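The values are calculated or read from the model by the stated rules, or taken from the named source; none is laboratory data. Quick caveat, the model's predicted, so the values are computed rather than measured. Note that each Cβ is placed from the backbone with ideal geometry, even for glycine, and that neighbours are counted across all protein chains shown.
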Amino acid sequence: MTQERVRSPRMVLLLDAALHVVAEHGLRGLTHRAVDREAGLPEGSCSAYLRTRRALVTALTSYVATGVTEDCEQLARDLAACHLENRQAIELVTSFFMRRLDERERLLARMELSLAAARDPELASVLASNQQQLTELVQSILTARHKDHSGERAATLVASFDGILLGALPLPEPDRRPFVRQSIEVLIGGLG
């Protein structure tokens, strides 16, 4: 377990509150006071842990990225445990994506932070490191399935998966699963 994954309960409470604030109000709405209010803590609590707004945004970015990596690691274990055919893999990955879409706040915050990272080298560094971890994880899945496992292919899949989530997010609820399943089918089928 990395140091990044070890957080105090108070820090988790603050970061979950920050995640909610960003999902509801965007990054412009992210302030120490807004986080304190959302967490139900006295004013000044957030700034005692994260002194500056920069520290708050960076910690939130790391928190969200770490959560994505942990979720993907679990998916990789599920895929490895089943010795899957493509059809089964498609169902597992589709279900995984639907769970991500059900975690709307986390997904919205991640998208907001990704856009901010395009203009912020420090956030970009945090997300680039996370992207590399995800790419290596996908590469290991491809290797285990005896598929072409080049780093470029894995990086393209990771980017494509993000695009599927982004494309599914604004769809009406009944249309999401068919869109996700068809998109995953195209990607996984292309690996065959």
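Arg7 satisfies every condition listed in (1) surrounded by 15 or more Cβ atoms within 10 Å (Cβ to Cβ); (2) assigned to a helix (DSSP H, G or I); (3) charged (D, E, K, R); (4) out of contact with any His (no Cβ under 7 Å at 6 or more places or on another chain) except (2). Select, from Arg87, Arg104, the only residue that is under 18 Å from the mean Cα position of the chain (by Cα) and not hydrophobic (A, V, I, L, M, F, W, C). Result: Arg104 is the single residue among Arg87, Arg104 that is under 18 Å from the mean Cα position of the chain (by Cα) and not hydrophobic (A, V, I, L, M, F, W, C). Among the residues of segment 71-107, what is the count of those that are modelled with pLDDT under 90, polar (S, T, N, Q) and under 13 Å from Glu185 (Cβ atoms)? Qualifying residue count, segment 71-107: 2. Looking at the structure I just gave you, is Arg104 surrounded by fewer than 20 Cβ atoms within 10 Å (Cβ to Cβ), without any contact (Cβ under 8 Å) to a residue 12 or more places away in the chain and not small (Gly, Ala, Ser)? Spelling it out, it is not the case that Arg104 is surrounded by fewer than 20 Cβ atoms within 10 Å (Cβ to Cβ), without any contact (Cβ under 8 Å) to a residue 12 or more places away in the chain and not small (Gly, Ala, Ser).
Residues that are in contact with a Leu (Cβ under 7 Å, 6 or more places away or on another chain) and part of a helix (DSSP H, G or I) were ranked within segment 46-57; the one that is farthest from Pro9 (Cα to Cα) is Val57. Sub-8 Å Cβ pairs linking a first residue in segment 58-81 that is under 15 Å from Gln132 (Cα atoms) to a second residue that is assigned to a helix (DSSP H, G or I) and among the acidic types (Asp, Glu), at least 6 apart or interchain, are Ser62/Glu4; Thr66/Glu4, ordered by first then second residue.
Scanning segment 107-128 for residues that are without any contact (Cβ under 8 Å) to a residue 12 or more places away in the chain and under 13 Å from the mean Cα position of the chain (by Cα) returns a single hit, Ala128.
The residue list Glu185, Glu152 contains one member that is without any contact (Cβ under 8 Å) to a residue 60 or more places away in the chain, over 25 Å from Ser62 (Cβ atoms), assigned to a helix (DSSP H, G or I) and of a type in the set (Asp, Glu), which is Glu152.
Scanning segment 85-101 for residues being of a type outside the set (Gly, Ala, Ser), buried (at least 17 other Cβ atoms within 10 Å of the Cβ) and in contact (Cβ under 8 Å) with a residue 40 or more places away in the chain gives a total of 6.
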